[in-house]
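Notes follow the structure.
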């Protein structure tokens, strides 16, 4: 289990890696924040490229960045690592995205995905009191390790690691119910990771 994306990136990215970060401007954190994942990648890797649907002006004239869909992108280089952190659940055709990744990874390369865990504690608790759990209005899919593994398999990849992100913060004002669930979440994390909020999957090209 990883406690945050900083820990994930430090563990997975090597100083010789050439990395493509897909959806690098999103992820719910401003680029000025020192924990912005794209900045963390640049601190760890040899070279980092970025892809997003819309680029801000500071990136438009940099050859390392492209403005394109995750389902249709094309670069002239192949990568050691492609990261898509909290991206795949927003896509219309995630299989097309996986195929673009296989086309752009070196044979020894790896794809690192994070996405909300369908069966996290907060979803399960809300399902008891609501017809459906609260979701981001832009999400199109739920994934667990089995469905994401099958999606990767059908598009030329295989899973090499399944883990979870703890991703629990207390900086926002929360209801007593959420505070109670936070406590349960923290307690359960001492014994099992299956109720964690975020799923982490690392995959490689299927041999």
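A few comments on the model shown:
- Here the condition is being in contact with a strand residue (DSSP E or B) (Cβ under 6 Å, 6 or more places away or on another chain), in a strand (DSSP E or B) and within 23 Å of residue 7 (Cα to Cα); of 199, 148, it holds for 199 alone.
- Filtering the stretch 145-155 to residues that are in contact with a helix residue (DSSP H, G or I) (Cβ under 7 Å, 6 or more places away or on another chain) and surrounded by fewer than 17 Cβ atoms within 10 Å (Cβ to Cβ) leaves only 154.
- Residues of the stretch 66-84 that turn out to be surrounded by 12 or more Cβ atoms within 10 Å (Cβ to Cβ) and in contact (Cβ under 8 Å) with a residue 24 or more places away in the chain, as a count: 11
- For the stretch 125-144, taking the residues that are exposed (fewer than 13 other Cβ atoms within 10 Å of the Cβ) and in a helix (DSSP H, G or I), the one that is nearest to the chain's Cα centre (by Cα) is identified as 127.
- Breaking point among (1) free of Cβ contacts under 8 Å to residues at least 40 places away in the same chain; (2) in contact with a strand residue (DSSP E or B) (Cβ under 8 Å, 6 or more places away or on another chain), for residue 19: (1)
- The selection criterion, being under 21 Å from residue 140 (Cβ atoms), more than 14 Å from the chain's Cα centre (by Cα) and either assigned to a loop (DSSP other than H, G, I, E, B) or at pLDDT 95 or above (or both), holds for residue 54.
The values are calculated or read from the model by the stated rules, or taken from the named source; none is laboratory data. All figures in this text were calculated on a predicted structure; none of them were measured in a lab. No Cβ is skipped: glycine too gets one built from the backbone with ideal geometry, and neighbour counts run over all protein chains shown.
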